[in-house]
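Structure record follows, encoded as structure tokens.
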Amino acid sequence: MCDDCGCVSPSHKVVAVNQSLLAANDALAEKNREHIEELGAVAINLISGPGSGKTTLLEKTIERLGKELRIGVIEGDIETERDAERIRAKGVPVVQLTTGGACHLDAALVHKGIHALEDQLDDKKLDLLFIENVGNLVCPATFYLGEHQRVVMVSVPEGPDKPAKYPKAFIGAHVFMISKTDLLPYFDFSSEMAIKDALQLNPNLTVMSVSATAGDGFDSWLAYLRFLCQ
Amino acid sequence: MHEISLVQGLLRQLAELARQHNSRAISKVRVEIGPLSGIVIDSFQFGFEVLAAEEKLTSEALLEIVAPPIQYKCRSCGHVCLDQAGAPDACPECGHNLLMPDGGGDLILLQVEMV
């Protein structure tokens with residue numbers, strides 16, 4: 001129908017589509033997942049705001065599990081190789097994806113990352129693939145990358161209101177990690193409030209409280225990773 | 001800011017639909033943006049206006065956004081309530097604090113009108 005007079009123009013078509021705007025991304029993410037599984041790996045998409053301690057968590061995880069499990073890392077950042085250099089120093093294969101301004105990783109970028117990582121693997125085998133997303137609690141939540149598990153992280157200095165303020169990141173996650181818990185004595189951070197708000201959004205969340213530097217709670221994180229790789 | 005990438009994806013989807021239906025112009029696009037989709041409607045609208053204007057196919061296209069309210073479902077009694085002012089503290093039906101969002105994360109291209 002035309003907007004001016006209500007007549008039906010013979011060439012006018014109304015097409016019902018009812019398809020997700022993310023359909024193309026999600027289809028590519030499924031391919032990523034197949035590719036990851038061909039390598040024999042479980043993939044974790046790590047999401048948090050900037051400075052919550054994602055890279056430090058990975059460094060400490062590699063120190064503790066690097067001899068036991070074959071670990072690979074895909075780093076997402078807007079600019080620089082800095083995070084990849086930190087991971088490389090721990091002796092595991094790593095690929096840095098720089099988005100050049102975009103605030104999130106998408107399935108197409110990760111597809112490239114998996115290929116680049118595979119080129120670094122002698123036997124094309126991996127147990128655990130970490131995808132460290134761009135530091136941002138908003139945009140990465142929308143894009144499925146092909147991961148098996150999504151871990152959303154909030155550090156103590158950021159405050160306990162993050163689940164309530166950034167619901168999407170928590171609704172789509174499997175694990176909610178409170179990081180930098182060694183700083184709890186110095187900040188007015190109510191773990192109870194953060195956990196209550198997060199579970200209200202997503203009752204299936206596994207909650208972990210961890211200090212990667214002091215080691216508190218780290219064993220449960222490692223136990224979770226070992227369980228995933230069984 | 002990821003609204004721009006989503007608009008780019010939408011425009012690619014529209015170009016493909018136009019090709020399938022031998023259409024030369026898209027006149028109207030209806031999209032549903034769920035309240036928990038993480039999408040800022042104004043940014044999406046702005047991105048569409050800017051990017052759609054660059055293509056002949058979509059330069060005249062109107063974007064209609066359907067934004068359903070947030071729906072909460074009580075895990076205790078199953079009661080469903082709508083609330084646009086944030087999560088209610090307790091279920092108005094049974095009083096338990098077991099309300100959780102029921103859907104609302106969708107981002108759907110509903111319908112396209114073309115000539």
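Please treat every number below as a calculation from the coordinates, not as lab data. Not measured: the values here are computed from a predicted model. FYI the Cβ positions are ideal-geometry reconstructions off the backbone, even for glycines, and counts take in every protein chain you see.
Summary table below
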quantity: Count - residues of segment B:1-19 that are within 30 Å of B:Y72 (Cβ to Cβ) and surrounded by 15 or more Cβ atoms within 10 Å (Cβ to Cβ); calculated: 7
quantity: Among (1) surrounded by 20 or more Cβ atoms within 10 Å (Cβ to Cβ); (2) over 26 Å from A:V156 (Cα atoms); (3) over 16 Å from the mean Cα position of the chain (by Cα); (4) touching a residue at least 12 places away in the same chain (Cβ under 8 Å) - the single one A:L21 does not satisfy; calculated: (4)
quantity: Members of segment B:46-55 that are touching a residue at least 12 places away in the same chain (Cβ under 8 Å) and either more than 10 Å from B:I4 (Cβ to Cβ) or in contact with a Gly (Cβ under 6 Å, 6 or more places away or on another chain) (or both); calculated: B:E49, B:A52, B:E55
quantity: Residue among A:S179, A:S209, A:S220, A:S191 that is farther than 21 Å from A:N45 by Cα and in contact with a strand residue (DSSP E or B) (Cβ under 9 Å, 6 or more places away or on another chain); calculated: A:S191
quantity: Test: residue in segment A:89-102 that is assigned to a loop (DSSP other than H, G, I, E, B), of a type in the set (V, I, T) and either at negative phi or without any contact (Cβ under 8 Å) to a residue 60 or more places away in the chain (or both); calculated: yes
quantity: Identity of the residue in segment B:57-115, without any contact (Cβ under 8 Å) to a residue 24 or more places away in the chain and at positive phi, that ends up nearest to the other protein chains (Cβ to nearest Cβ); calculated: B:G86
quantity: Enumeration of residues in segment B:20-45 that are free of Cβ contacts under 8 Å to residues at least 40 places away in the same chain and either surrounded by 14 or more Cβ atoms within 10 Å (Cβ to Cβ) or within 17 Å of A:Q19 (Cα to Cα) (or both); calculated: B:Q20, B:V40, B:I41, B:Q45
quantity: The listed residue being within 14 Å of another protein chain (Cβ to nearest Cβ), under 27 Å from A:V92 (Cβ atoms) and not aromatic (F, W, Y), out of A:A164, A:A173, A:A198; calculated: A:A173
quantity: Subset of segment A:138-151 (residues that are over 18 Å from A:G101 (Cβ atoms) and not charged (D, E, K, R)); calculated: A:A141, A:Y144, A:L145, A:G146, A:H148, A:Q149, A:V151
quantity: Test: residue in segment B:32-48 that is within 12 Å of chain A (Cβ to nearest Cβ), among the small types (G, A, S) and on the phi > 0 side of the Ramachandran plot; calculated: yes
quantity: Exclusive hit being small (G, A, S) and either within 22 Å of B:I4 (Cα to Cα) or surrounded by 21 or more Cβ atoms within 10 Å (Cβ to Cβ) (or both), set A:G72, A:G91; calculated: A:G72
quantity: Residue match in segment A:157-173 (condition: more than 23 Å from A:A27 (Cα to Cα) and of a type in the set (F, W, Y)); calculated: yes
